[in-house]
């Protein structure tokens, strides 16, 4: 009689929680902000004109690793609003679209990480025993 053996293995990998990937999200936000700034510079003077102070502020904010601040997100929104207002011809330009997308994503990631951290802090406070 032929005896066949079968071995069944189960592997379980728990899903990665967003809160466990905060460092990656912060690094991605910094990268996207840098890419967006580089994209704006590549667009030339027309895209930079009127945005000089905001571009410098955002650059400084990224260099000092202040990615999770309201200033970071607000400065990105100022740059994008100024670009849309002063250079509507950039719409449809792939380089302009890439810069726009990078800066929007940087802002989104910054806000998302801030929200996750705040949510975690709120849960921790709720779980603390009350005196």
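Read the figures in this text as sums done on the coordinates, not as results from a lab. Note that the structure is a prediction, hence the values are computed from the model and not measured. Backbone-built Cβ (ideal geometry, glycine too); neighbour counts: all protein chains shown.
Structure values in brief
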read-out	value
Label-point separation, residue 125 to residue 74 (7 Å along Cα→Cβ), nm	2.2 nm
Taking the chain and dividing mean pair separation by its residue count, relative contact order in percent (alpha carbons under 8 Å, at least six apart)	36 percent
Within the chain, helix-based [θ] at 222 nm, where runs of 4 or more DSSP H residues each add -39,500 (n - 2.57), nearest 500	-23000 deg cm²/dmol
Dimensionless Rg ratio for the chain, taking C-alpha atoms and the 2.2 N^0.38 Å reference	1.58
Listed peptides 72-81, 51-60 by packing density, highest first (mean Cβ within 10 Å)	72-81, 51-60
Potential lengthening between residue 98 and residue 86 on full extension [0.36 nm per residue; Cα-Cα distance subtracted]	2.6 nm
The range 97-131 residues near the modelled residue 19 label - backbone nitrogen below 20 Å, point 7 Å along Cα→Cβ	109-130
